[in-house]
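Here's the structure, in structure tokens; my notes come after.
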Amino acid sequence: MLGAIIGDIVGSRFEFQNRKIKDFELFNQYSRFTDDTVLTIATMDALLSNKPFNVAYKEWFRRYPDAGYGERFISWGLSDGFEPYNSFGNGSAMRVSPIGFYYNTEEEVLKMAEESAKVTHNHPEGIKGAQATALAIFLARKGATKKEIKEEIEKRFNYYLDEPLDSIRTWYRFDVSCQGSVPQAIRAFLESEDFEDAIRNAISIGGDSDTIACITGGIAEAYYGSISEDLKMEAYKRLDNDMIYVIDRFYKLLSSVK
């Protein structure tokens, strides 16, 4: 959703130029959307249109083929087939946030997060990363406390979420696996004071900054319930009209069924 998209855009310029501090300009002329945003919107489109996830992902990839996808996803996106490629990369988690907002039971969220992941990321860790992210979002929007979210994710997925960011910053390096980035993204949310602080936390640990901030941003939006108009406008300025159309339709649908 917008929280995930803002995280992606803010993190885009730090992905290969990590800054392990929280004091930085959120947006500048180099801030842009990446594959995280494209595929998050593709997930929205799949839900709005009752379209298979693999079809939506290929369609949106082909609209925006230069958004920074991984090599294996590019090969899959360009191919005529739909066979998954057993990935445990964090691509399954970066695109899953709409599912956490869309469905109204834990069972549905976990099932559909798996469905969205396994069309490409059918490795158990790829599925687990998507499910953990989607469930954290679901619990956050349903009013769970941070302590409750942390305990549920730890219990269900066996992620270690106790290490503070101050410690993570000392050793964390670029890691595109779910198991090496989703727990850190969730921890960035757990230590945050508001939405913007969550994004700053996510960027500050380094690593795959756009994707970590994308995952953190989706959870933070669900928990804090609002994003400032300034941040929204900065994001919209960097998106195409087709993207904005899908996002607006998705939010309207969610508001109509509340």
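The values are calculated or read from the model by the stated rules, or taken from the named source; none is laboratory data. The shown structure was predicted, so the numbers you read here are calculated from the model rather than taken from an experiment. Here the Cβ positions follow ideal geometry from the backbone for every residue, glycine too, while neighbour counts run over all protein chains shown.
Condition (residue is in contact with a Lys or Arg (Cβ under 6 Å, 6 or more places away or on another chain), among the aromatic types (F, W, Y) and surrounded by 15 or more Cβ atoms within 10 Å (Cβ to Cβ)) applied to segment 213-224: is it met by at least one residue? Spell out how you get there, then give the answer.
The initial filter retains those residues of segment 213-224 that are in contact with a Lys or Arg (Cβ under 6 Å, 6 or more places away or on another chain), namely 222.
The next check asks that each one be among the aromatic types (F, W, Y); those that pass are none.
No, the conditions are met nowhere in segment 213-224.
Every residue, every condition in (1) out of contact with any Gly (no Cβ under 7 Å at 6 or more places or on another chain); (2) free of Cβ contacts under 8 Å to residues at least 12 places away in the same chain; (3) of a type in the set (K, R), yes or no:
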{"residue": "E196", "(1), (2), (3)": "yes, no, no"}
{"residue": "I219", "(1), (2), (3)": "yes, no, no"}
{"residue": "A222", "(1), (2), (3)": "no, no, no"}
{"residue": "Y236", "(1), (2), (3)": "yes, yes, no"}
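For segment 1-113, please list each of the helices (runs of 4 or more DSSP H) lying entirely inside it that holds at least 3 residues being of a type in the set (A, V, I, L, M, F, W, C). Let's see the steps before the verdict.
Numbers: elements: 2-11, 35-49, 53-63, 71-78, 91-94, 97-102.
Fully inside segment 1-113 and qualifying: 2-11, 35-49, 53-63, 71-78.
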**Report entry** Residue count, segment 107-163 (criterion: closer than 15 Å to S181 by Cα, of a type in the set (S, T, N, Q) and surrounded by fewer than 20 Cβ atoms within 10 Å (Cβ to Cβ))
**Finding:** 1
Query raised in the report: Could you list, in sequence order, the residues of segment 229-258 that are part of a loop (DSSP other than H, G, I, E, B) and at pLDDT 95 or above?
Result: K237, R238, L239, D240
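Residue under question is G91, and the condition is that it be surrounded by fewer than 20 Cβ atoms within 10 Å (Cβ to Cβ), in contact (Cβ under 8 Å) with a residue 40 or more places away in the chain and under 14 Å from V38 (Cα atoms); does it hold?
On the way: surrounded by fewer than 20 Cβ atoms within 10 Å (Cβ to Cβ): no; in contact (Cβ under 8 Å) with a residue 40 or more places away in the chain: yes; under 14 Å from V38 (Cα atoms): yes.
No, not satisfied.
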Query raised in the report: Taking into account only those residues within segment 36-81 that are buried (at least 22 other Cβ atoms within 10 Å of the Cβ) and of a type in the set (D, E), which is nearest to F101 (Cα to Cα)?
Result: D45
Query raised in the report: How many residues are farther than 12 Å from A188 by Cα and part of a helix (DSSP H, G or I) if we restrict to segment 203-217?
Result: 2
